[in-house]
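The block underneath contains the structure these notes are about, expressed in structure tokens.
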Amino acid sequence: MTTPVAVLGSSGSIGTQTLEIIRSDPERYRVTALGVGRSDLVVAQAEEFRPDVVAVADVDAAAEIGPRLPPGTELLVGEQSMADAARTADTVINGVVGFAGLSVTLATLEAGKRLGLANKESLIAAGPVVQRAWQTPGAEIVPVDSEHCAVHQCLRANEITGKVGVDDQVATIVLTASGGPFRGRTRSELESVTIDDALAHPTWSMGPKITIDSSTLMNKGLEVIEAHELFGVPINDIDVVVHPQSVVHSMVTYADGATVAQLSMPDMRLCIGYALAYPDRWAAPYGPIDWAEIGRLDFQPPDLEAFPCLGLAYEAGRVGETAPAWLSAANEVAVEAFLGGVIDWLDIAEVVDRSLQRWPGIVAESVDAVLLADQQARDAANAVIAERMG
Ligand code: MG
């Protein structure tokens with residue numbers, strides 16, 4: 001049987017790796033839809049995979065891409081086109097970057113389909129909205145992020161395949177963090193770090209925004225909020241441990257003290273193949289462990305004084321509603337200001353903290369409410385930065 005798959009955000013890192021693994025098993029998966037913001041890489045992808053539809057969010061790019069698509073491939077244009085493309089498949093890989101990914105998440109879940117989720121904004125900014133869509137019969141989320149994919153696998157050890165309930169005997173979820181480029185540094189050692197220092201990530205090669213988030217541990221804080229939304233575990237029962245080798249991708253500790261961990265060499269294709277094949281296992285080994293190469297595995301607690309963004313994310317996660325959306329938007333503004341040379345690295349947490357104090361308590365009752373919080377948080381963060389500079 002062939003499973004129809006939609007690959008949205010197909011020109012990005014998750015999208016191209018998804019197509020790479022589907023290419024290796026054309027008997028089992030058929031690409032019904034591809035979607036991009038504006039990249040014309042989608043033309044070559046459509047030529048190879050012959051999807052029914054190609055969605056292009058940017059109208060100008062669509063006008064240029066449309067005539068170059070192979071015959072029989074329908075072009076969908078505009079902001080809602082990716083959500084329409086999602087409805088053509090049984091499994092949707094959402095590798096869309098940014099807020100645009102939320103509409104794909106909601107369309108997939110509301111259609112009662114499987115969502116392989118790599119888009120961060122969906123659960124961080126709009127957790128309560130996504131939860132309601134997720135209640136649709138048949139709707140399923142299999143996380144593609146390495147940590148959450150690991151937790152999903154660890155929960156299966158106790159035959160927990162949905163959300164965690166009170167009887168499930170989960171004590172804590174433990175997310176691992178590489179620690180980023182500043183692992184082991186004290187707060188005073190972080191006073192004078194440069195943009196280039198912060199952009200040098202030891203393990204993963206990623207875009208500048210997420211690499212800075214990794215240097216402040218905000219990335220891990222956002223993943224704590226995502227884990228809470230995905231698995232239903234209270235924020236305070238989600239721990240973070242720094243693990244520089246990035247081989248243990250996360251763990252679940254049960255009530256009896258037993259900890260189940262998922263290990264593999266860092267390779268996103270394992271997570272993508274897992275989301276496609278679940279509950280089966282993908283046949284090709286992505287990230288098998290070379291034990292001689294690893295040698296040792298180290299663990300240390302995170303330093304919340306040097307990396308206050310992690311604590312701020314916990315704070316926003318505990319508050320809930322649109323506080324995580326507010327945190328995430330304020331952080332985006334702060335990171336941009338840092339990358340633009342306007343503020344120092346330590347100021348990122350300071351700006352996020354002061355912005356979070358201005359959260360007006362907006363309830364996350366709809367996508368519009370989330371968008372309003374996002375916009376107001378950006379205004380608040382810009383005001384905080386202006387006050388600091390003035
Ligand atoms: Mg991650």
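Remarks
- Close contacts from the stretch 158-181, counting a first residue that is assigned by TED's automatic domain parsing to the domain that holds Ser246 and a second that is outside any strand (DSSP E or B) and aromatic (Phe, Trp, Tyr), with Cβ to Cβ under 7 Å and a gap of 6+ residues or different chains, come to Lys163/Phe231; Val164/Phe231; Ile173/Phe231.
- Taking the stretch 118-137 as the range and being free of Cβ contacts under 8 Å to residues at least 40 places away in the same chain and either in contact with a Leu (Cβ under 9 Å, 6 or more places away or on another chain) or within 17 Å of Ala364 (Cβ to Cβ) (or both) as the test, the residues that pass are Ser122, Arg132, Ala133, Trp134, Gln135, Thr136.
- Qualifying residue in the stretch 33-48 (condition: within 24 Å of Arg269 (Cα to Cα), assigned to a helix (DSSP H, G or I), at pLDDT 95 or above and among the charged types (D, E, K, R)): yes
- Ile343, sole failed condition from (1) assigned to a helix (DSSP H, G or I); (2) under 25 Å from Arg185 (Cα atoms): (1)
A quick yes/no check of all residues on (1) away from the ligand (no atom under 15 Å from the Cβ); (2) crowded, with 21+ Cβ neighbours inside 10 Å; (3) of a type outside the set (Val, Ile, Thr):
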{"residue": "Ala118", "(1), (2), (3)": "no, yes, yes"}
{"residue": "Ile124", "(1), (2), (3)": "no, yes, no"}
{"residue": "Pro128", "(1), (2), (3)": "yes, no, yes"}
{"residue": "Pro137", "(1), (2), (3)": "yes, no, yes"}
{"residue": "Ile141", "(1), (2), (3)": "yes, yes, no"}
{"residue": "His148", "(1), (2), (3)": "no, yes, yes"}
{"residue": "Val151", "(1), (2), (3)": "no, yes, no"}
{"residue": "Glu159", "(1), (2), (3)": "yes, no, yes"}
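- Residues that are more than 17 Å from Gly273 (Cβ to Cβ) and of a type in the set (Gly, Ala, Ser), drawn from the stretch 136-154: Gly138, Ala139
- Members of the stretch 212-260 found to be within 12 Å of the ligand (Cβ to nearest atom) and either within 24 Å of Gln135 (Cα to Cα) or surrounded by fewer than 20 Cβ atoms within 10 Å (Cβ to Cβ) (or both), listed by number: Leu222, Glu223, Val224, Glu226, Ala227, Ser246
- In the stretch 293-309, the count of residues that are among the hydrophobic types (A, V, I, L, M, F, W, C) and either in the same structural domain as Trp345 (by TED's automatic domain parsing) or assigned to a helix (DSSP H, G or I) (or both) is one or more.
The values are calculated or read from the model by the stated rules, or taken from the named source; none is laboratory data. Just so we're clear, the structure is a prediction, and the values are computed from it rather than from any experiment. In this analysis, Cβ positions are derived from the backbone assuming ideal geometry, glycine residues included, and neighbour counts consider all displayed protein chains.
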